[in-house]
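The structure appears right after this line, and notes come after that.
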Amino acid sequence: MPKPRILLLYTGGTIGMVKNFETGALKVFNFKKLLQNIPELKQLDCDIETLSFEMPIDSSDMDTLQWAKMATIINDNYDGFDGFVILHGSDTMAYSASALSFMLQNLNKPVVFTGSQLPIGDLRTDAKENLITAIQIASLTQDGQPAVREVSLYFEYKLYRGNRTTKISAEHFNAFTSPNYPALAESGVHLKFHKEYFLPATQYKPLQVSFDFDDNVAIVKMFPGINAKVLSALLNVPNLKGIVLETYGAGNAPSGDWFIGILQKAIERGLHVVNVTQCWGGRVNMGQYETSTMLKKIGVISGADITTEAAITKMMYLLGQNVPHSNFKELFETSLCGELS
């Protein structure tokens with residue numbers, strides 16, 4: 001049997017950076033030198049080809065155009081490879097993994113995001129393990145089919161569904177978690193897959209890629225002391241089409257007439273408002289407490305247990321597909337690719 005072919009795409013990020021000895025700041029270096037630091041890749045039972053963004057970026061500069069670039073590369077190389085590994089800066093990796101999960105429809109091959117907290121050349125780097133295991137996961141097959149057939153994220157011994165992840169640490173190696181969904185796999189002495197948590201296998205269909213995103217959106221986080229002038233200004237930004245509202249606990253927000261009134265007027269003029277919890281884990285349950293009953297009544301959309309990262313990218317995706325206004329709420333509250341329960 002021919003070896004699986006894996007395409008390794010470098011977009012930028014800490015994993016491929018070196019220190020500027022004069023300033024101490026990290027900067028991107030030649031991607032080809034990255035592979036020279038990992039001779040262990042030759043021991044993997046797969047053929048690896050590499051590709052790099054012409055101008056690798058810090059993940060803080062990630063935007064919809066970069067998502068389109070990643071999706072285009074996967075689309076153009078889909079038939080020639082068995083799996084894809086995307087090296088990405090950790091700061092916005094959860095956003096990108098969420099975005100691509102919506103963009104890559106009928107995905108039947110693994111797309112694994114990974115990166116590191118320390119550059120590949122550092123003595124104590126976490127980059128080698130993350131990269132080696134991500135490639136191994138992307139190359140594994142079971143019964144002649146890829147073991148994983150969705151967009152995922154591998155970091156510090158765990159494989160997560162990409163659109164369920166969030167970054168929780170800027171310092172520790174276990175930088176990511178999936179607060180409301182179990183890990184798909186765990187790496188130890190053996191790779192242990194939890195197949196019961198995988199997306200259900202579907203009949204093979206050709207890959208379809210949706211490139212259109214509408215970025216006229218915003219995230220508004222509730223805090224004690226938010227006032228009418230600030231909220232009104234945020235919700236009246238020209239061309240704004242939707243907001244993700246990060247509320248307290250199970251979806252609670254101020255119950256004052258001023259607050260409900262501003263939201264209601266925004267919704268009546270066509271603004272989509274999605275309610276997600278700002279808590280580390282858990283779900284929105286509008287109506288559980290009196291402070292969220294009015295949100296449900298005026299037409300605020302429930303984000304259930306979706307992450308903020310997945311919520312904002314899903315909103316941009318649905319707006320980009322020109323979903324009719326009357327269908328938007330129903331589609332948002334429906335799981336498209338395992339992003340909510």
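The values are calculated or read from the model by the stated rules, or taken from the named source; none is laboratory data. Keep in mind that what you see is a predicted model, and the values were worked out from it rather than measured. Using ideal geometry, Cβ is built from the backbone for each residue, glycine included, and neighbour counts are taken over all protein chains shown.
May I ask you to list the residues in region 141-150 that are in a loop (DSSP other than H, G, I, E, B) and free of Cβ contacts under 8 Å to residues at least 12 places away in the same chain? Give the derivation first.
So the first thing to find is which residues in region 141-150 are in a loop (DSSP other than H, G, I, E, B), and the list is 143-144, 147-150.
Those that are in a loop (DSSP other than H, G, I, E, B) and free of Cβ contacts under 8 Å to residues at least 12 places away in the same chain: D143, G144.
One residue alone among S232, S292 is farther than 30 Å from Q66 by Cα and modelled with pLDDT of 95 or more, and that residue is S232. Does at least one position in region 219-235 carry a residue that is surrounded by 16 or more Cβ atoms within 10 Å (Cβ to Cβ) and under 21 Å from N327 (Cβ atoms)? No, every residue in region 219-235 fails to be surrounded by 16 or more Cβ atoms within 10 Å (Cβ to Cβ) and under 21 Å from N327 (Cβ atoms). Contact map, region 181-193: first residue surrounded by fewer than 18 Cβ atoms within 10 Å (Cβ to Cβ), second residue of a type in the set (G, A, S) and at pLDDT 95 or above, Cβ cut-off under 7 Å, separation 6 or more or different chains; pairs are L191/A185; K192/A185.
Return yes when S232 is among the polar types (S, T, N, Q) and more than 16 Å from the chain's Cα centre (by Cα) and no when it is not.
Details: among the polar types (S, T, N, Q): yes; more than 16 Å from the chain's Cα centre (by Cα): yes.
In short, yes.
Looking across region 222-242, the residues that are in contact (Cβ under 8 Å) with a residue 12 or more places away in the chain and assigned to a helix (DSSP H, G or I) come down to A228, L231, S232, L234, L235. Checked against the criterion of being surrounded by 14 or more Cβ atoms within 10 Å (Cβ to Cβ), touching an Asp or Glu at 6+ places or on another chain (Cβ under 9 Å) and of a type outside the set (A, V, I, L, M), region 257-274 has no qualifying residue. Right, G144: surrounded by fewer than 23 Cβ atoms within 10 Å (Cβ to Cβ) and under 21 Å from L207 (Cα atoms) or not? Taking the combined requirement at face value, the residue satisfies it.
Look through Y181, Y204 and report the one residue that is under 30 Å from Q321 (Cβ atoms), assigned to a loop (DSSP other than H, G, I, E, B) and modelled with pLDDT under 95. Going through Y181, Y204 in turn, just one is under 30 Å from Q321 (Cβ atoms), assigned to a loop (DSSP other than H, G, I, E, B) and modelled with pLDDT under 95: Y204.
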